[in-house]
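To start, the structure under review is shown below, and the notes come after it.
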Amino acid sequence: MLLDMFTDEFSAAQGWLFEHVVEPVVFNIGLGGYVEDAFDATGWLLVGLIQIAVLVAVIGPLQRWRPVDPVTDRAAIRTDILYTLVHRLGLFRLVMFFALQPFFDGVVGPMRTAGWAGWQLDAAWPGVTDIPWVSFLMYLVVLDFVDYWVHRGQHGFHWWWSLHALHHSQRQMTMWSDNRNHLLDDVLRDAIIVLVAQLIGVAPGQFIALVAITQLSESLQHANLRLSFGTLGERLWISPRFHRLHHSIGIGHESQAPQPSKPAPLGGHNFGVLLPWWDMLFRTANFENRYDPTGIRDQVEPDAKGRVRDYGRGFWSQQWLGLMRLAGRA
């Protein structure tokens, strides 16, 4: 009932925003053929505006209430804010649409034309799994399980870590740090999640809600906030304390300390995105009550030649250096 009420209110707000703001812009710039897609993009824009309002009004005051670290690098935080605006206001998804839509049309389209509509997960138990809130929870668990293994891949493959390392290079973690990612890293991760969602039959409205909840939870997890959910809560939903350990130097992204003249082996702890269950099941959970400095070891410990790695200061330098790492040149 509550989910239905929220959906109705959201749809009304999306319609108003599209009619009064987005649609006139679309026609004025000559993109009238993309009206339907622009309406979908308006939903993402509205979600982003709501999320940013929650960040500023709720999570921001929590950070000031119980910060882990003093704010010493406001320039790094401003860069993270830029990442957040690009992602949460739909700019990134707009580019994703034009870049990846032909791929999804080429893969999913022929499958549906051939009569295969995917595995409708909400049809597994008629009368139960097709109840909106039940199917929503099922999709949340399934997609979170996929996200856990995507995250393991980001830390397990050297080529993928060369991109994902940008996310871990932030030593001044705040609620804005969640979207500090290499764009190619985000393309890979989002493409996998969208493809799985298509295959198991997640409805567009439910998918938007799932993404919104995931992103808000991740913003809280990255907050500069000394907060644990307690012995039981820590095992039900990922807290800022639990996720901060994933970003801790020498804990979150290494399986053991590096050997002389060799990089640290990839691995780590606390890969879960929403639910700590997968870390508990696959023995990657660390529930220690500690708040360590965040970042990557090679940022602070010189190598055999006395050098520390540069991950860049601004948006474009960070993106460029990520590509250079991927090519083995940085």
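When you look at H155, is it in a helix (DSSP H, G or I), under 15 Å from H246 (Cβ atoms) and in contact with a Leu (Cβ under 8 Å, 6 or more places away or on another chain), yes or no?
Working: in a helix (DSSP H, G or I): yes; under 15 Å from H246 (Cβ atoms): yes; in contact with a Leu (Cβ under 8 Å, 6 or more places away or on another chain): yes.
It is true that H155 is in a helix (DSSP H, G or I), under 15 Å from H246 (Cβ atoms) and in contact with a Leu (Cβ under 8 Å, 6 or more places away or on another chain).
Of the helices (runs of 4 or more DSSP H) that lie entirely inside segment 169-235, those containing 1 or more residues that are within 12 Å of the chain's Cα centre (by Cα) and of a type outside the set (V, I, T) span 183-200, 204-222.
When segment 165-198 is filtered for residues that are within 13 Å of G295 (Cα to Cα) and of a type in the set (A, V, I, L, M, F, W, C), the ones remaining, listed by number, are A165, L166, M173. Step by step: first the residues of segment 30-68, then only those that are assigned to a loop (DSSP other than H, G, I, E, B) and over 23 Å from the mean Cα position of the chain (by Cα), then the one that is surrounded by the fewest Cβ atoms within 10 Å (Cβ to Cβ). Which residue is that? The residue in question is G30. Of S239, S177, S169, all but one fail to be buried (at least 19 other Cβ atoms within 10 Å of the Cβ), hydroxyl-bearing (S, T, Y) and over 30 Å from G306 (Cα atoms); the exception is S239. With respect to E23, determine if the residue is among the acidic types (D, E), exposed (fewer than 14 other Cβ atoms within 10 Å of the Cβ) and out of contact with any strand residue (DSSP E or B) (no Cβ under 7 Å at 6 or more places or on another chain). Criteria not met by E23. If you filter segment 129-155 down to residues that are more than 18 Å from A191 (Cβ to Cβ) and touching a residue at least 24 places away in the same chain (Cβ under 8 Å), you find that the one that is surrounded by the fewest Cβ atoms within 10 Å (Cβ to Cβ) is W133.
If you go through segment 286-328 and keep only what is surrounded by 15 or more Cβ atoms within 10 Å (Cβ to Cβ) and either touching a Pro at 6+ places or on another chain (Cβ under 7 Å) or closer than 30 Å to F229 by Cβ (or both), you end up with N286, F287, Y291, D292, T294, G295, I296, R297, Q299.
Residues checked against (1) exposed (fewer than 14 other Cβ atoms within 10 Å of the Cβ); (2) charged (D, E, K, R); (3) under 23 Å from the mean Cα position of the chain (by Cα):
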position: A13; (1), (2), (3): no, no, no
position: N28; (1), (2), (3): yes, no, no
position: V71; (1), (2), (3): yes, no, no
position: D80; (1), (2), (3): no, yes, yes
position: R88; (1), (2), (3): no, yes, yes
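So that you can scan it fast, the table gives a plain yes or no per residue for (1) under 23 Å from D185 (Cβ atoms); (2) modelled with pLDDT of 90 or more:
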| site | (1), (2) |
| --- | --- |
| V58 | no, yes |
| P67 | no, yes |
| A75 | yes, yes |
| T84 | yes, yes |
| P102 | yes, no |
| G109 | no, no |
| W116 | no, no |
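Conditions tested, residue by residue: (1) of a type in the set (F, W, Y); (2) more than 24 Å from the chain's Cα centre (by Cα); (3) at pLDDT below 95.
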{"residue": "T113", "(1), (2), (3)": "no, yes, yes"}
{"residue": "L121", "(1), (2), (3)": "no, no, yes"}
{"residue": "I131", "(1), (2), (3)": "no, yes, yes"}
{"residue": "L137", "(1), (2), (3)": "no, no, no"}
{"residue": "V142", "(1), (2), (3)": "no, no, no"}
{"residue": "F145", "(1), (2), (3)": "yes, no, no"}
{"residue": "V150", "(1), (2), (3)": "no, no, no"}
{"residue": "L163", "(1), (2), (3)": "no, no, no"}
{"residue": "L166", "(1), (2), (3)": "no, no, no"}
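Reported count of residues in segment 236-280, each being of a type in the set (S, T, N, Q), modelled with pLDDT of 95 or more and over 24 Å from I59 (Cβ atoms), is 0.
With respect to the conditions (1) within 24 Å of A327 (Cα to Cα); (2) modelled with pLDDT under 95, N179 falls short on a single one, namely (2).
Restricting to segment 6-31, name every residue that is among the β-branched types (V, I, T), in contact with a Gly (Cβ under 7 Å, 6 or more places away or on another chain) and free of Cβ contacts under 8 Å to residues at least 40 places away in the same chain.
Within segment 6-31, the subset among the β-branched types (V, I, T) is 7, 21-22, 25-26, 29.
Add one more test, that the residue is in contact with a Gly (Cβ under 7 Å, 6 or more places away or on another chain), and what stays is 7, 26.
Across segment 6-31, the qualifying residue is only V26.
Counting the residues of segment 191-214 that are in contact (Cβ under 8 Å) with a residue 60 or more places away in the chain, within 18 Å of G272 (Cβ to Cβ) and surrounded by fewer than 19 Cβ atoms within 10 Å (Cβ to Cβ) gives 2.
The values are calculated or read from the model by the stated rules, or taken from the named source; none is laboratory data. These numbers come from a predicted model, not from an experiment. Glycine also receives a Cβ, built like all others from the backbone with ideal geometry; neighbour counts cover every protein chain displayed.
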